[in-house]
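First up is the structure itself, then whatever we jot down about it.
The values are calculated or read from the model by the stated rules, or taken from the named source; none is laboratory data. As the structure is a computational prediction, the values presented were derived from the model and not from experiment. Cβ placement follows ideal geometry from the backbone for every residue including glycine, while neighbour counts extend to all protein chains displayed. When the accessible area is computed, the model is the full protein with side chains, heavy atoms only, and any ligands, DNA or RNA have been set aside. Shrake-Rupley method; radii C 1.70, N 1.55, O 1.52, S 1.80 Å.
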Amino acid sequence: QVQLVESGGGLVQAGGSLRLSCAASGIIFSSNDMGWYRQAPGKQRELVALITSGGTTNYGDSVKGRFTISRDNAKNTVYLQMNSLKPEDTAVYYCKAVQRPYVYWGQGTQVTVSS
């Protein structure tokens, strides 16, 4: 059974930082491309950051320079370090694992940034 469990969300003031974690089980973690996505109320889910199985990273334009994605294959965990947070970063953040043709999602963790 595949599980992706996000943690680390919460309430933070604008300009602050949070670190999200996504612990994976039931998959060969090192073979999966991992990603973080977010969805704000009334908006579509959007890409935040990706890291491939080989370590290549990609970021959404709105978070470049502020967020950093990383992975620890020994711990089956992917991280999202979020700095200089803005109120517009408020959303539910979801972890995604991809090893084609399989795609898995976590349940999400709420991030709220107050102004």
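Values computed for the structure shown
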{"read-out": "Filter result for the condition that a residue is modelled with pLDDT of 95 or more, among the charged types (D, E, K, R) and out of contact with any helix residue (DSSP H, G or I) (no Cβ under 9 Å at 6 or more places or on another chain), over Lys75, Lys86", "value": "Lys86"}
{"read-out": "Answer from Ser70, Ser62, Ser30 - the residue that is part of a strand (DSSP E or B), out of contact with any helix residue (DSSP H, G or I) (no Cβ under 6 Å at 6 or more places or on another chain) and of a type in the set (S, T, N, Q)", "value": "Ser70"}
{"read-out": "Residue check for Gln1: touching a Gly at 6+ places or on another chain (Cβ under 8 Å), open to solvent by 50 Å² or more (accessible area, probe 1.4 Å) and over 13 Å from Gln110 (Cα atoms)", "value": "yes"}
{"read-out": "Qualifying position, being in contact with a strand residue (DSSP E or B) (Cβ under 8 Å, 6 or more places away or on another chain), modelled with pLDDT of 95 or more and either open to solvent by less than 10 Å² (accessible area, probe 1.4 Å) or not in a strand (DSSP E or B) (or both), among Ala49, Ala23", "value": "Ala49"}
{"read-out": "Test: Val12 is surrounded by 14 or more Cβ atoms within 10 Å (Cβ to Cβ), more than 15 Å from the chain's Cα centre (by Cα) and either farther than 12 Å from Cys95 by Cβ or acidic (Asp, Glu) (or both)", "value": "yes"}
{"read-out": "Residue within the stretch 94-114 that is surrounded by 13 or more Cβ atoms within 10 Å (Cβ to Cβ), at pLDDT below 95 and assigned to a strand (DSSP E or B) present", "value": "yes"}
